[in-house]
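Computed from the coordinates by the stated procedures, all read-outs in this text should not be read as laboratory data. Just so you know, these numbers come straight off a predicted model, no measurement behind them. Backbone-built Cβ (ideal geometry, glycine too); neighbour counts: all protein chains shown.
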Amino acid sequence: MSPTLFERIIAREIPSTVVYEDDDYIAIKDIAPKAPVHLLVIPKKVSTRIDEISDAAEMGRLWLTAVKVAQSQLADYRLVVNVGAGGGQEVFHTHIHVLGGWDTG
Ligand code: 5GP
């Protein structure tokens, strides 16, 4: 399998603006923001879509990381996950969208 777009971003083969990173997750600015602040929180462990994650601790860590990243930049925010092509997913490597900044511009 060829690496996903986000694997290539994690490997720094494709440039991005990284706002958070630890051993297991990276958060980057979305290249085509749909809000004044639009971040993507991405697990380094590859899964195609979020409903492939069956381990509760792994799922919990992903959401806790998304909340931590969101709270580092925003007081109020929206967390969104597109699941499958019919759900609007375009990049098939699990990620959570963090959207906000409408109140602060
Ligand atoms: P999805 O529709 O899969 O839930 O969201 C994929 C997101 O990835 C989209 O919001 C899109 O703008 C973003 N995206 C696509 N290509 C790139 C890229 O090369 N760099 C970054 N930073 N974001 C990207």
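When the chain is fully extended, how far beyond the present Cα-Cα distance does residue 64 get from residue 22, taking 0.36 nm per residue of separation?
13.8 nm
Distance between the C-alpha centers of segment 30-47 and segment 73-97? Whole Å please.
Between the Cα centre of segment 30-47 and that of segment 73-97, the gap is 7 Å.
Could you work out the relative contact order of the chain? I mean the mean sequence separation of Cα pairs under 8 Å and 6+ apart, divided by the number of residues, in percent.
Relative contact order of the chain: 31 percent.
Which value does Rg/Rh take for segment 44-105 over its C-alpha atoms, Rh per Kirkwood? Present the calculation step by step, with values, prior to reporting the outcome.
On the way: Rg = 12.7 Å, Rh = 12.6 Å.
My calculation of the ratio gives 1.00.
Any idea what the dipole of segment 5-100 comes to, in debye rounded to 20, about its Cα centre with Lys/Arg Cβ at +1 and Asp/Glu Cβ at -1? Spell out each step's value before the answer.
Numbers: 10 positive and 13 negative charges, 52 e Å.
Magnitude of the dipole: close to 260 debye.
Using 0.36 nm times the number of residues separating residue 13 and residue 104, minus their current alpha carbon distance, what extension gain do you get?
Additional length available on full extension: 29.4 nm.
When 1/r is averaged over all different Cα pairs and the result inverted, which Kirkwood radius in Å belongs to the chain? Working shown, then result.
Values: mean 1/r = 0.0715 Å⁻¹.
Computed over Cα pairs of the chain, the Kirkwood hydrodynamic radius comes out at 14.0 Å.
Whole-Hz ³J(HN,Hα) for each residue in segment 29-42, computed from phi via Karplus 6.51 cos²θ - 1.76 cosθ + 1.60 with θ = phi - 60°, x for glycine and proline: what do you get?
Listing the rounded values in order: 6, 5, 6, 10, x, 9, 7, x, 10, 9, 10, 10, 9, 10 Hz.
As I understand it, the dipole of the chain uses +1 on the Cβ of Lys and Arg and -1 on the Cβ of Asp and Glu, about the Cα centre. Which of 31, 4, 79 lies farthest toward its positive end?
Working it through, the farthest residue towards the positive pole turns out to be 31.
Need one number: nm distance between label points at residue 29 and residue 78, each 7 Å from Cα along Cα→Cβ, rounded to one decimal.
Distance between label points: 2.0 nm.
Would you calculate, for the chain, the mean residue ellipticity at 222 nm contributed by helices, counting each DSSP H stretch of 4 or more residues as -39,500 (n - 2.57) and dividing by all residues, to the nearest 500?
-7000 deg cm²/dmol
Quantify how much of the Cα-Cα distance distribution of segment 1-53 extends past 15 Å, in percent.
Values: 663 of 1378 pairs.
So the pairs more than 15 Å apart make up 48 percent of the total in segment 1-53.
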